[in-house]
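Everything below concerns the one structure shown next.
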Amino acid sequence: VEISKNKDYKNIVNSLNKEHLEEDINVPKNLDGTLRYYQKTGFKWLKVLDKYKFGGILADDMGLGKTIQVLSIIVDYVQNAKNKSIESEQIETKRASLVVAPSSLTLNWQNEAQKFTNELKTLVIKGTLSERKRQIENIDNYDLIITSYDLLKRDIDLYKEKKYQFRFLIADEAQYLKNSNTQNAKAIKALR
């Protein structure tokens, strides 16, 4: 592999450096007072990754607020999409984000979203197959979709039929994806 360390490469590396996180990246106003310093740093890091279209892993000890950091990046995207739509007087395609989590955490995600970001339209995919199909057909009406690994495996064909492209795809408790040959990993990779 040959790497060319040109100006663009150096800009990316510097942007990813904690000490050089862009000062002009602002936390959404309704979350600014809620986030601790290290969570704001995490938010800015996620914004830089998004700017360069990188994926990333947000790993930290339990209870330090990874969920709110992820919610803050989704709120920021939704607010910016609304502002761009208002400023340009044209409707831009705003896409929902998807959280895939263990079944035991799906309602926790919904509760955290309501607690910290009540402006997000959230949907937890649940119920019978026909109920889930109806919910998946209407994901355009939401900002945040939450489902479990188990239901994603069962419903992957419904997502494929919809051909929906999510803005962010969040795999909570990603150890469920360690083995790339599992149904969980294959289902996640099938999403757009």
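The values are calculated or read from the model by the stated rules, or taken from the named source; none is laboratory data. Keep in mind the model is a prediction, meaning the values are calculated, not measured. These area figures cover heavy atoms from the full protein model, side chains too; ligands, DNA and RNA do not enter into them. Shrake-Rupley method; radii C 1.70, N 1.55, O 1.52, S 1.80 Å.
Can you send over the carbon and sulfur percentage of the accessible area for the chain, probe radius 1.4 Å, protein chains only?
47 percent
If you take the Cα atoms of the stretch 41-121, find Rg, then find the Kirkwood Rh from the mean of 1/r over all pairs, what is Rg/Rh? Present the calculation step by step, with values, prior to reporting the outcome.
Working: Rg = 14.0 Å, Rh = 14.1 Å.
Rounded to two decimals, Rg over Rh is 0.99.
Which pairs, out of 82/153; 51/94; 10/94; 51/82; 84/121, put more than 24 Å between their alpha-carbon atoms?
Working: 82/153 32 Å; 51/94 17 Å; 10/94 31 Å; 51/82 18 Å; 84/121 19 Å.
Check vs 24 Å cut-off fails for 82/153; 10/94.
Could you state the accessible area per residue of the chain in Å², with a 1.4 Å probe and every protein chain left in place?
Solvent-accessible surface per residue comes out at 62 Å².
Per DSSP H run of n ≥ 4, the term is -39500 (n - 2.57); total these for the chain, divide by its residue number, and report the mean residue ellipticity at 222 nm rounded to 500 deg cm²/dmol. Don't skip to the answer; put the middle values down first.
Details: 8 runs with 97 residues, N = 192.
Roughly -15500 deg cm²/dmol at 222 nm, from the helical runs in the chain.
Across the Cα atoms of the stretch 100-192, what radius of gyration and what greatest pairwise Cα-Cα distance (Dmax) are found, in Å?
Over the stretch 100-192's Cα set, Rg and Dmax evaluate to 12.7, 38 Å.
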